[in-house]
1. Could you tell me which of the residues Leu146, Leu161 is hydrophobic (A, V, I, L, M, F, W, C), under 25 Å from Phe182 (Cα atoms) and either touching a His at 6+ places or on another chain (Cβ under 7 Å) or surrounded by fewer than 19 Cβ atoms within 10 Å (Cβ to Cβ) (or both)?
2. Determine which member of the set Leu162, Leu184 is touching a residue at least 60 places away in the same chain (Cβ under 8 Å) and closer than 29 Å to Leu33 by Cα.
3. Quick one: which residue in Asn134, Asn140 is more than 22 Å from Val25 (Cβ to Cβ), in contact with a Phe, Trp or Tyr (Cβ under 8 Å, 6 or more places away or on another chain) and not β-branched (Val, Ile, Thr)?
4. Output the number of residues of segment 137-163 satisfying the condition of being under 15 Å from Gly201 (Cβ atoms) and not aliphatic (A, V, I, L, M).
Amino acid sequence: MSLQLFLFIFLSISIFFLASRIAIVLYIVILPLLLLKHVWHRLSWYSIVAGCATVVLIFFAIVNYVPVVKHRFANDINLAGKAYESDNPGTGMMMRLVFWRTAIEVIEQNPLFGVGTGDGQDALDIHYEERNLNSLLGYNPHNQYLHTGVMLGLIGTFYLLLTLLLPSIVAFRRGDTIYQIFLLIISVSFLTESVLQGNKGIVFYALFNALYFFYYSPYEVSGMKKGASKDY
């Protein structure tokens, strides 16, 4: 138990000091959900609301008083709406707004089948040049859904969504919390990164998705169906 507590604290500190906005948001969302899952039947609605409020307060305290985290969040708030005022759109989040808008424009011109897997970056660069954003040449959309839409159109994006939706249904029916959380993390990560455009992202998603999808104990499943005890 002490080792688990140490690892939990170490992981929590590491996530915040990495200062990844999406990782921090996921942490704030997933941690209360896990706690509620394990203690839901023991708590009153008052305790649940109080716990959620506490998590929100801790989040805002960290954003305001941990310098590296405050820098990441505050800059984006201060620069909101200024992404197109100069050749440099500002912080990472503001740059992503430009990437996403550009990707949407490309998709609008090639809605069904996209521009092809080999011409996606060229199509984006043309739009960057038209907006006089030459410093962004070579940047991908930093959004896997939009990136897939640029390359393969809405049909490809629909197929990508199916690869997330169908495993989510399987995980929900099994009651597999870990698998559900994995798919949630992947789905949200796709919003701010083109995860599947690199070998590391492809291997990570394919490997762990396959492990979670296919790995379960047939004995445990049959035992549950027969009402047998899982203590074996």
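Where a number appears in this text, it was derived from the coordinates with a stated rule and is not lab data. Please read these numbers as outputs of a predicted model, since none were measured by experiment. Backbone-built Cβ (ideal geometry, glycine too); neighbour counts: all protein chains shown.
1. Step by step, each of Leu146, Leu161 is checked, and only Leu161 is hydrophobic (A, V, I, L, M, F, W, C), under 25 Å from Phe182 (Cα atoms) and either touching a His at 6+ places or on another chain (Cβ under 7 Å) or surrounded by fewer than 19 Cβ atoms within 10 Å (Cβ to Cβ) (or both).
2. Values: Leu162 fails: touching a residue at least 60 places away in the same chain (Cβ under 8 Å).
Unique residue meeting the criteria: Leu184.
3. Values: Asn140 fails: more than 22 Å from Val25 (Cβ to Cβ).
Only one candidate qualifies: Asn134.
4. 9
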